[in-house]
1. Looking at region 42-94, which of its residues are among the small types (Gly, Ala, Ser) and under 18 Å from Asn133 (Cα atoms)?
2. Among the numbered conditions (1) more than 15 Å from Lys29 (Cα to Cα); (2) part of a strand (DSSP E or B); (3) touching a Pro at 6+ places or on another chain (Cβ under 9 Å), tell me where Val66 comes up short.
3. Within region 82-97, count every residue that is farther than 16 Å from Leu45 by Cα and not β-branched (Val, Ile, Thr).
4. With region 1-48 as the region, which strands (runs of 3 or more DSSP E) entirely inside it contain at least 1 residues that are closer than 21 Å to Thr76 by Cβ, open to solvent by 20 Å² or more (accessible area, probe 1.4 Å) and of a type in the set (Lys, Arg)?
5. Looking at Pro80 and the list (1) touching a strand residue (DSSP E or B) at 6+ places or on another chain (Cβ under 8 Å); (2) open to solvent by 30 Å² or more (accessible area, probe 1.4 Å); (3) more than 26 Å from Ile7 (Cα to Cα); (4) of a type outside the set (A, V, I, L, M), which single condition is not satisfied?
6. Does Gly95 satisfy the condition of being open to solvent by less than 20 Å² (accessible area, probe 1.4 Å) and closer than 25 Å to Lys142 by Cβ?
7. Given the conditions (1) among the small types (Gly, Ala, Ser); (2) within 25 Å of Ala141 (Cβ to Cβ); (3) free of Cβ contacts under 8 Å to residues at least 12 places away in the same chain, and given that Ala40 satisfies all but one, which numbered condition is not satisfied?
8. Which one of Leu96, Leu41, Leu27, Leu45 is among the hydrophobic types (A, V, I, L, M, F, W, C) and under 25 Å from Phe150 (Cβ atoms)?
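The values are calculated or read from the model by the stated rules, or taken from the named source; none is laboratory data. As the structure is a computational prediction, the values presented were derived from the model and not from experiment. FYI the Cβ positions are ideal-geometry reconstructions off the backbone, even for glycines, and counts take in every protein chain you see. Heads up: the accessible areas ignore ligands, DNA and RNA and are worked out on the full protein's heavy atoms, side chains in. Shrake-Rupley method; radii C 1.70, N 1.55, O 1.52, S 1.80 Å.
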Amino acid sequence: MPAIQDIKVAVDAVVFGYDAKQLSVLLIKRGVEPFKDSWALPGGLVMDDESLETAVTRELKEETGVQIDYLEQLYTFGKPGRDPRNRVVSVSYFGLVRPNHFKIHAATDAKEVEWFPVKELPDLAFDHGTILNIAKERLKAKLQYQPIGFDLLNKEFPFSDLENLYTTILDHKIDRRNFRKKILSFEIVEETDKIHQKGSGRPAKLFKFNNKKYSQLLNEGFHFEIKIV
């Protein structure tokens, strides 16, 4: 028998923000039913003439004003009943940014847009709570095998900023001495001759990430791994 389908395809974006020792996520307040006035992830239906990547970029920009160069595909959600209107399969994406790099504003189906700390989230529409939980676990895992965190730091930073980033995103205390030793052993973080002085505390040397060195090592088969247990 021929297959009978009436399935729509959607995209959802989980955009994490990191700033001032806090991990947050970008949410919209829905302006339409279902779940009107509930908070949700930015997203929507894919148009007939666009790719998934184009759709998620468009929806994110339309609903929040945020435009990100790269979003990584996370997972596909297709459980029947996840949307009360239709049978909808959603392909989710996630990214990690610095919130202060964007000026957010709500438009189209979104009444409001706001950054929420991941530990202070409202109830989410649809199955977006499940999507967000999976994205958090993927982010934690990715941080331990790819140096994505350096994009969230200043070009030159005290080493404590890197430690705080890992502690915050992983939601786990780290052995600072072993962490520092491991990171420096990769030779992709360089000590500068500059000093960071904040308040009356002890001055700290500044470091920088050497992206050129990291790319070279990758071509040589280098494997970045930070195990946090």
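1. Pass one, region 42-94, residues among the small types (Gly, Ala, Ser): 43-44, 51, 55, 65, 78, 81, 90, 92.
Within region 42-94, Gly43, Gly78, Ser90, Ser92 meet the criteria.
2. Single failed check for Val66: (2).
3. The total comes to 3.
4. By residue number, 7-19.
5. So the condition that Pro80 fails would be (3).
6. yes
7. Exception for Ala40: condition (3).
8. Leu96
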